[in-house]
Amino acid sequence: MARVKLSEFRAKTLFHDFLGIPYHGFEFDSKTDVSSLDSKKKYVVKVDAGVKKRFKQGLVKLDVGSDAVKSVISDFEKKGYSNFLVEEFQKHDKNDEKYLALERARDGILIYYSQKGGVDIEDASGSVKKALFRTNDDAKNIIQDLSIEIDDFLKFIDFFNKFYFSFLEINPLVVEKNSFKILDIASEVDSTAQFFIEGWDASDFRDYSKQEKTPEEKNVAALAANSQASLSLTILNPNGSIFMLLSGGGASIVLADEAYNQGKGEEVANYGEYSGNPSSEETYLYTKNILSLLLKSTAPKKALIVGGGVANFTDIRHTFKGVIQALDEFSGKLKKQNIKVFVRRGGPHQKEGLAMMRTFLQKESLFGSVHGPDVVLTAPVKEALDYVG
């Protein structure tokens, strides 16, 4: 499963259509004709690019007159954004703001909910409760805290399942007497569903961040351009707690997805691969960039997963030699931040390679675990998640 962000416009359009109620929102850019906007109404103008904390970054403007919409969008475009959402401004009582999020997990749907919603939800994260939803009986406490009826809650579940959402966050969910309003949606869908789903397609996907690539991502891209091996790196959450050094192939996808299956997808900092039998030097340089990002993360507790399946022809000794060289170079800083390394790998010369890795990690007090292919592929992910808490 590849989780990709869906535009807020598409998510809201789908949800309102699902409920059979009109949605008064527009996709916009600086060239869009504003004559469709009512000069007597006020609007909300948002960057619709899958960016988190938009309000605090100044990427949401409230109470905007129709004559000022283009100017606001023009300012956003100067910051490098190209997708925007314009909606009618809806006044409401801040006390009516709730928080609701759904995330697909292996055993059901994880529900995160709070009686307090809005832009300051992270400051009140202690109020957010978590429950696993499998049957209607699991919804009792949720609907009580959100002040909604069971039938309304089940509409969110049905919508989530029908359109193959992996994650759906509604903040705030405004609950007023016998009705509710959805003021903001952040969502991710399973991209593989685009081949048979009706309602959204690849044109509705939004990049997690419009920011310029990090120096580390640029370094890896340059390294890949001059190598016969496959080297890639994408930052998902620069302040995540779980960093991954993945050897590519289907096993890497399984490893990355396991964190999401455990309800900890937001902790995954990066995705990428070093595969195709890279040399020790290439692996060393690649690993250095991962470690650079790892040390920059502000997460209070962090772990590195060195994971992969059973290689067909990649010499485990050679790649681990490069990984160990990089770890040794950064060892002091890694120990200072109490970072641990969790390993699972197999392939040619795995016995020697794993022994090298175990000896080094234990000597440098970086040891989390070291496994060969006799242990289930996802083991280091579970161990790393347990470590970071």
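Laid out as a table, the results:
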read-out	value
Conditions (1) out of contact with any Lys or Arg (no Cβ under 8 Å at 6 or more places or on another chain); (2) crowded, with 20+ Cβ neighbours inside 10 Å; number of the one not met by Gly50	(1)
Failed criterion for Gly308 (all others in (1) farther than 19 Å from Leu231 by Cβ; (2) among the small types (Gly, Ala, Ser); (3) outside any helix (DSSP H, G or I) hold)	(1)
Condition check for Ala303: among the aliphatic types (A, V, I, L, M) and either more than 27 Å from the chain's Cα centre (by Cα) or farther than 24 Å from Pro278 by Cα (or both)	no
Top-ranked residue in the stretch 167-190 [being of a type in the set (S, T, N, Q), surrounded by fewer than 22 Cβ atoms within 10 Å (Cβ to Cβ) and assigned to a strand (DSSP E or B); ranked as nearest to the chain's Cα centre (by Cα)]	Asn171
Unmet criterion (only one of (1) within 24 Å of Ala105 (Cβ to Cβ); (2) touching a strand residue (DSSP E or B) at 6+ places or on another chain (Cβ under 8 Å)) for Ser247	(1)
Condition broken by Ile21, with the remaining ones in (1) crowded, with 16+ Cβ neighbours inside 10 Å; (2) outside any strand (DSSP E or B); (3) of a type outside the set (Phe, Trp, Tyr) satisfied	(1)
Single residue of the stretch 139-148 satisfying the filter (more than 30 Å from Gln57 (Cα to Cα) and touching a residue at least 12 places away in the same chain (Cβ under 8 Å)) that is surrounded by the most Cβ atoms within 10 Å (Cβ to Cβ)	Ile148
Count of residues meeting criterion [of a type in the set (Val, Ile, Thr) and either within 13 Å of Leu236 (Cβ to Cβ) or under 20 Å from the mean Cα position of the chain (by Cα) (or both)] in the stretch 266-294	2
Any helices (runs of 4 or more DSSP H) falling wholly within the stretch 53-165 and containing at least 1 residues that are modelled with pLDDT under 90	69-78
Number of positions in the stretch 94-115 that are of a type in the set (Lys, Arg) and crowded, with 18+ Cβ neighbours inside 10 Å	2
Test: residue in the stretch 1-13 that is over 26 Å from the mean Cα position of the chain (by Cα) and closer than 20 Å to Phe163 by Cα	no
Residue in the stretch 196-203 that is at positive phi, surrounded by fewer than 19 Cβ atoms within 10 Å (Cβ to Cβ) and in a loop (DSSP other than H, G, I, E, B) present	yes
Residue match in the stretch 156-168 (condition: in contact (Cβ under 8 Å) with a residue 40 or more places away in the chain, outside the structural domain of Leu59 (by TED's automatic domain parsing), closer than 28 Å to Val45 by Cβ and of a type in the set (D, E, K, R))	no
Sole exception among (1) crowded, with 23+ Cβ neighbours inside 10 Å; (2) in contact with a helix residue (DSSP H, G or I) (Cβ under 7 Å, 6 or more places away or on another chain) for Asn237, by number	(1)
Selection count where residues are under 26 Å from Lys213 (Cα atoms) and either assigned by TED's automatic domain parsing to the domain that holds Ile235 or assigned to a strand (DSSP E or B) (or both), scope the stretch 28-44	1
Within the stretch 291-308, tally of residues that are within 12 Å of Leu334 (Cα to Cα) and surrounded by 24 or more Cβ atoms within 10 Å (Cβ to Cβ)	4
Boolean, Leu334 is surrounded by 16 or more Cβ atoms within 10 Å (Cβ to Cβ), assigned to a helix (DSSP H, G or I) and touching a residue at least 24 places away in the same chain (Cβ under 8 Å)	yes
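For every residue, the table says whether it meets (1) without any contact (Cβ under 8 Å) to a residue 24 or more places away in the chain; (2) under 23 Å from Glu8 (Cβ atoms); (3) among the β-branched types (Val, Ile, Thr).
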position: Ala105; (1), (2), (3): no, no, no
position: Lys116; (1), (2), (3): yes, yes, no
position: Ile121; (1), (2), (3): no, yes, yes
position: Leu132; (1), (2), (3): no, no, no
position: Ile150; (1), (2), (3): yes, no, yes
position: Phe153; (1), (2), (3): yes, yes, no
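For (1) free of Cβ contacts under 8 Å to residues at least 40 places away in the same chain; (2) under 30 Å from Lys91 (Cα atoms); (3) of a type outside the set (A, V, I, L, M, F, W, C), each residue gets a yes or a no:
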| residue | (1), (2), (3) |
| --- | --- |
| Glu176 | no, yes, yes |
| Trp200 | no, yes, no |
| Asn219 | no, no, yes |
| Ser230 | no, no, yes |
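The values are calculated or read from the model by the stated rules, or taken from the named source; none is laboratory data. Please read all numbers here as calculations on a predicted model, not as lab measurements. All Cβ positions, even for glycine, are placed from backbone atoms using ideal geometry, and neighbour counts span all protein chains on display.
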